[in-house]
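Undergrad: Here it is, the structure, as structure tokens.
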Amino acid sequence: MLIEGTVFRTHSGNYYVQTDTAGVVVCKLRGNLKKELVYSTSNSHARRVEQAGKRRSTDPLTVGDRVRLDSDLGMIESVFPRTSSLSRHSPSGRGEHTLVANLDQAFLTVAAAHPKPDVWLLDRFLVLAEAADIPPRIIVNKVDRLEDADRPEVEAAIAVYEKIGYPVYWVSARTGQGIGAVRDAMRGRISAVAGPSGVGKSSLLNTVQPGLQLKVGDISETNLAGRHTTTTAELLPLGGGGWVADTPGLRQVDFWEIEKSEIRYCFPELAPYLDECKFADCCHHTELGCAVRAAVDSGAIDRRRYESYLGMT
Ligand code: GDP
Ligand code: ZN
């Protein structure tokens with residue numbers, strides 16, 4: 001019988017599929033399907049249409065993919081087009097290696113304190129998510145450790161992101177404060193949690209979903225540094241429905257490259273001004289008649305975010 005499901009783990013040519021109607025089925029990929037399954041990455045933005053033909057995925061099937069399978073044979077018969085794919089350049093240098101398909105959202109995590117929020121790094125994570133067409137949300141964890149003296153500064157820094165339109169969740173993995181809202185937002189979706197080491201990503205997920213038992217203070221991230229390992233993602237099931245992607249590769253900021261000319265589109269607050277500059281090829285650095293700079297001067301665009309843009313371009 002042909003049924004549908006979501007691939008949540010891959011291992012040595014076996015695909016673990018959570019089917020919609022028949023529980024978990026361990027599948028193989030129909031042999032001749034391997035060749036058919038070469039498609040471009042998501043291109044919901046017109047700006048990337050020109051690249052659609054060039055960018056190719058080297059792996060046929062990954063976690064997050066929706067598939068149709070023959071549950072009697074344990075054979076995947078077809079794969080649905082991806083809505084998004086999070087990729088890194090494959091070690092061979094040819095094409096891309098997709099870590100996770102169909103991510104619905106990325107929770108970019110900082111700590112309110114210990115360590116203080118690194119907004120420059122947060123901006124880089126936001127750009128990566130925007131470039132992959134994965135809607136970002138911001139989690140500010142460890143609110144239980146935020147001293148009153150630091151509160152105004154931290155709140156002002158995060159308010160900038162709320163003004164841009166990014167949803168923000170103030171939480172404590174330790175006390176459980178605010179976790180319900182994160183759990184609700186994750187329900188029924190495929191989510192990733194990303195951010196620097198030590199901000200509490202593993203703790204957060206363990207609080208969202210008791211029983212996941214992710215190792216707190218996970219040392220695997222540091223062990224991976226400098227080595228070229230293939231990171232295989234796995235989707236962890238959430239009790240309320242939905243999945244969270246767990247892969248060390250997802251937690252690091254440098255896992256794929258973005259064209260410099262694309263970065264301007266990854267700062268949503270620049271969008272209203274991009275067509276207003278005097279020169280069509282304006283980079284918004286020092287050009288005359290730059291509408292972006294004018295918006296920075298008038299206060300419509302946050303100056304520090306603009307400096308982040310300058311630093312990346
Ligand atoms: P990760 O590297 O981002 O996965 O961070 P971990 O989950 O390993 O947490 C790093 C450290 O921060 C650990 O010592 C945690 O116990 C601590 N931690 C995580 N979340 C919180 C929180 O909400 N409040 C406090 N006080 N400590 C936390
Ligand atoms: Zn400009």
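Each value in this text was obtained by applying a stated rule to the coordinates, not by laboratory testing. In this text the structure is predicted, and so the values were computed from the model without any measurement. Cβ coordinates were reconstructed from backbone atoms using ideal geometry, including for glycine residues, and neighbour counts include every protein chain displayed.
Undergrad: Please label the shape of the range 261-313 as rounded, prolate or oblate, based on the square roots a ≥ b ≥ c of the eigenvalues of the alpha-carbon gyration tensor (a/c under 1.5 means rounded; beyond that, a/b larger than b/c means prolate, else oblate).
TA: Details: a/c = 1.38, a/b = 1.09, b/c = 1.26.
It comes out rounded by the Cα gyration axes.
Undergrad: Amide H to amide H, which residues 5 or more places from Trp170 or on other chains are under 5 Å from it, using H placed in the peptide plane?
TA: Close amide H contacts, sequence-distant or interchain: Val140.
Undergrad: First select every other residue whose beta carbon is under 9 angstrom from the beta carbon of Tyr15; then total the charges, Lys and Arg +1, Asp and Glu -1.
TA: Details: positive: Arg9, Lys28; negative: Asp65.
Its environment carries a net charge of +1.
Undergrad: Around Leu108, which amide H atoms from residues at least 5 apart in sequence, or from another chain, sit under 5 Å from its own amide H, with H modelled in the peptide plane?
TA: Here Arg137, Ile138, Ile139, Ala194 satisfy the definition.
Undergrad: Okay, moving on. For Ala271 and Val26 in the same chain, what is the full-extension length gain: residue separation times 0.36 nm, less their Cα-Cα distance, in nm?
TA: Values: separation 245, 0.36 × 245 = 88.20 nm, distance 4.51 nm.
Between Ala271 and Val26, full extension yields 83.7 nm more.
Undergrad: Hey, another quick one. Between beta-carbons, use under 15 Å as the cut-off and find the net charge around Leu288, counting Lys and Arg +1, Asp and Glu -1.
TA: Working: positive: Lys278, Arg293; negative: Glu276, Asp281, Glu287, Asp297.
The answer is -2.
Undergrad: How far is it, in nm, from the label point at Glu153 to the one at Glu77 when both lie 7 Å from their Cα along the line to the Cβ?
TA: 6.1 nm
Undergrad: Extension gain Asp297-Arg68, at 0.36 nm per residue separation less the Cα-Cα distance, in nm? Don't jump to the answer; show the numbers that get you there.
TA: On the way: separation 229, 0.36 × 229 = 82.44 nm, distance 5.36 nm.
Going from the current span to full extension adds 77.1 nm.
Undergrad: Tabulate in residue order the Karplus-calculated ³J(HN,Hα) for the range 291-307, using 6.51 cos²θ - 1.76 cosθ + 1.60 with θ = phi - 60°, rounded to whole Hz; enter x for Gly and Pro.
TA: Rounded to whole hertz, the list is 6, 5, 4, 4, 5, 5, 5, 7, x, 5, 10, 4, 5, 5, 4, 4, 5.
Undergrad: For the peptides 200-210, 147-157, what is the packing order when you average, over each peptide's residues, the other Cβ atoms within 10 Å and list the highest mean first? All intermediate terms of the calculation are to be shown ahead of the outcome.
TA: Numbers: 200-210: 21.2, 147-157: 11.7.
Final packing ranking: 200-210, 147-157.
Undergrad: Regarding the range 96-216, what is the average projected area of its C-alpha convex hull, in nm²? Don't skip to the answer; put the middle values down first.
TA: Values: hull surface 31.2 nm².
Mean orientational projected area (the range 96-216, Cα hull): 7.8 nm².
Undergrad: Counting Lys and Arg as +1 and Asp and Glu as -1, what is the net charge of the other residues whose Cβ lies under 10 Å from the Cβ of Ala233?
TA: Numbers: positive: Arg9; negative: Glu234, Asp246.
Result for the local shell: -1.
Undergrad: Set the Förster distance to 22 Å, then compute FRET efficiency between Thr175 and Asp118 from the Cβ-Cβ distance, nearest 0.05.
TA: On the way: r = 23 Å, r/R0 = 1.04.
The value I calculate is 0.45.
Undergrad: In addition: Between Thr19 and Glu259, what is the label-to-label distance in nm when each label sits 7 Å out along the Cα-to-Cβ direction?
TA: 4.3 nm
Undergrad: Per-residue counts of other Cβ atoms within 10 Å, averaged by peptide: what ranking do you get for 18-26, 126-134, highest first? Display every interim value, and only then the final one.
TA: Working: 18-26: 13.2, 126-134: 21.0.
Listed from highest to lowest mean packing, they are 126-134, 18-26.
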